[in-house]
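The values are calculated or read from the model by the stated rules, or taken from the named source; none is laboratory data. Just so we're clear, the structure is a prediction, and the values are computed from it rather than from any experiment. Positions of Cβ are generated from backbone atoms using ideal geometry, with glycine treated the same way; all protein chains shown enter the neighbour counts. Please note that ligands, DNA and RNA were not included when accessible areas were found on the heavy atoms of the full protein model with its side chains. Shrake-Rupley method; radii C 1.70, N 1.55, O 1.52, S 1.80 Å.
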Amino acid sequence: MPLPRLAWHARIIAGVFVLVWLSGCVAQQTGRLLEAPPASLPARAELGNVPYYAQQAHQCGPATLAMTLGWSGLHFTPEQLEPEVYIPGKEGSLQPEMIAAARRHGRLAYLLQPSLADLLAEVAAGHPVIVLQNLALSWYPIWHYAVVIGYDLDQRTVTLYSGPDESRQTPISTFEYTWARSGYWALLTLPPGELPRTASEERYLESALALEQTGQLQAAATSYRAALGRWPQSEAARIGLGNSYYAMGKLADAEAVFRQASRDHPQSGIAFNNLAQTCADEGKYAEALAAARRAVELGGPLADTFRQTLADIQATIQAKKVKPAVR
């Protein structure tokens, strides 16, 4: 009977640092990368502005998070972060808790694609990367977080803050073996407004939306503005920015953003619906009615919501005995 694939469990515990050196095989991504590195990737990079905290037994989660948050401008000790991410009964930290803690502190938590080239590109861009490794065997996992702070393609090494070592150089192939067993899990914790070098629009906006849902509205708005700087025609970024302003009570800003969204995306029922609601909240009932009716005309999967918005605006007008100008 085959052994269970423990390495792919979605909520992997990490907390200890015992290393079993691996040899005899070729790491799949390492071989391709070293044979033909991307032209845009420098041969070497090392970050000198990442604070270091020694990782005590079972405390690699709080320590690595303290390092990358410190790099981003937020200074915590591992002891301060321990209550947020460390699970005593598990003697380690789960990935969802690491991500949630970064967001609670207003940092954009961005999961990289499972790509060694992308990881090194982020380091070259000045971004330290938290990685999850299995430092033992696939069928007997010993999970551990480390921070990648450098690499050298000529020497075929990566540089890690790992365990008790402030700077550990590891062969890239060995690193890939230990990292691959976590599904190539890698996390950035970026200041709002700073985009990953390798960001995709969809993954970045998912991360910005998570900030918004966490209640970090200003950080979310900053992230959405950064997204529009890279993807100026992004409907999701424009709507997200307007929603963040609306949630902060900045109705004039929200109206301006939704109005721009309706111009850029004239078939977007969401843009017109949100513009209608914002205008209604501002007491601009004629504009609210026009936008709500346009949303209903456009229809789509949210047609019921659009009809409810229109009905609510009409009810408000009737209750207040307002006579909006005919448009």
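Over segment 149-192, what lengths in whole Å, largest first, do the semi-axes of the equivalent ellipsoid take, defined as the square roots of 5 times the eigenvalues of the alpha-carbon gyration tensor? Spell out each step's value before the answer.
Details: eigenvalues 66, 44, 27 Å².
For segment 149-192, the ellipsoid semi-axes come out as 18, 15, 12 Å.
Count charges around residue 81 for me, please; just the other residues with Cβ under 11 Å from its Cβ, Lys/Arg as +1, Asp/Glu as -1.
So the surrounding residues net to -3.
Which one, 310, 242, 215, projects farthest toward the positive side of the charge dipole computed for the chain from Cβ point charges (K/R +1, D/E -1)?
310
List the aspartates and glutamates whose Cα lies under 17 Å from the Cα of residue 320, skipping any in the same chain that are fewer than 8 positions away.
Answer for residue 320, where 17 Å is the Cα cut-off: 281, 282, 287, 312, listed by chain and number.
Under a point spin-label approximation (7 Å from Cα along Cα-to-Cβ), what is the residue 201-residue 315 distance to one decimal in nm?
3.7 nm
When the dipole is taken about the Cα centre of the chain, and only Lys, Arg (+1) and Asp, Glu (-1) are charged at their Cβ, what size is it in debye, to the nearest 20?
About 1000 debye.
Read phi for every residue in segment 72-87 and hand back ³J(HN,Hα) as whole Hz from Karplus 6.51 cos²θ - 1.76 cosθ + 1.60, θ = phi - 60°, with x for Gly and Pro.
For segment 72-87, the Karplus curve yields 7, x, 10, 9, 10, 8, x, 5, 5, 8, 3, x, 7, 10, 8, 10 Hz.
For residue 155 and residue 113, calculate 0.36 nm times their separation in residues minus their Cα-Cα distance, and state this gained length in nm to one decimal.
The residue 155-residue 113 span can extend by a further 12.7 nm.
Just check segment 163-263 against the gyration tensor rule for me: Cα atoms, a ≥ b ≥ c as the square roots of the eigenvalues, rounded for a/c under 1.5, and otherwise prolate or oblate depending on whether a/b exceeds b/c.
Because a/c hits 1.5 or more and a/b exceeds b/c, segment 163-263 counts as prolate.
Take the alpha carbon gyration tensor of the chain, find the square roots of its eigenvalues, order them as a ≥ b ≥ c, and report rounded if a/c is under 1.5; if not, report prolate when a/b exceeds b/c, else oblate.
Prolate.
Each residue of segment 150-162 in order: what ³J(HN,Hα) in whole Hz does its phi give by Karplus 6.51 cos²θ - 1.76 cosθ + 1.60, θ = phi - 60°, with x for Gly and Pro?
x, 7, 9, 5, 5, 7, 6, 10, 10, 10, 10, 8, 8
What is the Cα centroid distance between segment 266-291 and segment 28-49, reported in whole angstrom?
Segment 266-291 and segment 28-49 have Cα centres separated by 49 Å.
Hey, any idea what % of segment 202-327's accessible area is carbon plus sulfur with a 1.4 Å probe?
50 percent
With a 1.4 Å probe and every protein chain left in place, work out the accessible area per residue of segment 123-213 in Å², rounded to a whole number.
33 Å²
Taking θ as phi - 60°, what are the ³J(HN,Hα) couplings along segment 234-241 by the Karplus curve (6.51, -1.76, 1.60), each to the nearest whole Hz, with x for Gly and Pro?
Listing the rounded values in order: 6, 5, 4, 5, 5, 5, x, 5 Hz.
If you take every residue apart from residue 175 with its C-beta less than 11 Å away from the C-beta of residue 175, what net charge results, scoring Lys and Arg +1 and Asp and Glu -1? It would help to have the intermediate numbers written out before the result.
Details: positive: 156, 168; negative: 176.
Surrounding charge for residue 175 is +1.
Which residue, 168, 263, 104, tops the fluctuation ranking in a GNM of the chain built on C-alpha contacts under 10 Å?
So, out of 168, 263, 104, the one fluctuating most is 263.
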